[in-house]
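Comments concern the structure below.
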Amino acid sequence: MTPIHPGPAAAAIPATMVQTLIDHARAGSPNEACGLIIGDRPAADGGGALRFEPTRNAAASPYRYEIHPDDLYRLTGA
């Protein structure tokens, strides 16, 4: 039995935000890109994307990605 995913099958992301994400990925090529899409609440609760926050790839690799801990701390306050 396949588990049911708790969230929606898709989430809307504004075209300008998608372009910002693509630009960020191209700037770091050939390495994997990292970033977070910040929303007003979880997509499963009907939330919407508010902004894209680019982050550094701590792995600095074309095969792996890891959000740099300093960037994650800055964005989550954890």
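To the nearest ten degrees, helix 15-27 and the longest principal axis of the Cα atoms of the chain are 30 degrees apart. Annotation for the chain: trypsin sites (Lys or Arg not before Pro) lying in DSSP loop with at most 12 further Cβ atoms inside 10 Å of their Cβ are R64.
So what is the relative contact order for the chain, in percent, with contacts set as C-alpha pairs under 8 Å and at least six apart?
Values: 101 pairs, mean separation 20.6, N = 78.
Relative contact order of the chain: 26 percent.
Only helical runs count toward this figure. For the chain, summing -39,500 (n - 2.57) over DSSP H runs of n ≥ 4 and dividing by all residues gives -8000 deg cm²/dmol at 222 nm. Placing unit charges on the Cβ atoms only, positive for Lys and Arg and negative for Asp and Glu, gives the chain a dipole magnitude near 80 debye about its Cα centre.
Would you mind telling me the share, in percent, of accessible area of the chain contributed by carbon and sulfur at probe 1.4 angstrom? Could the numbers behind the result be given before it?
Numbers: 3390 of 5840 Å².
Ligands and nucleic acids excluded, carbon and sulfur reach 58 percent.
Which label belongs to the value computed from this structure, given these candidates for P(r) over Cα pairs in 5 Å bins from 0, in percent: [x] 3, 15, 19, 19, 20, 16, 7, 2, 0; [y] 3, 14, 18, 18, 13, 10, 9, 6, 5, 3, 2, 0; [z] 3, 17, 24, 20, 15, 10, 6, 3, 2, 1, 0? Here P(r) over Cα pairs in 5 Å bins from 0, in percent agrees with entry [x].
Subtracting the Cα-Cα distance of A10 and H68 from 0.36 nm times their residue separation leaves 18.2 nm of extension gain.
The values are calculated or read from the model by the stated rules, or taken from the named source; none is laboratory data. Here the structure is a predicted model, which is why all the values come from computation and not from measurement. So basically every Cβ, Gly included, is an ideal-geometry build from the backbone, and we count neighbours across all protein chains shown. Ligands, DNA and RNA are excluded from the accessible area calculation, which covers all protein heavy atoms including side chains. Shrake-Rupley method; radii C 1.70, N 1.55, O 1.52, S 1.80 Å.
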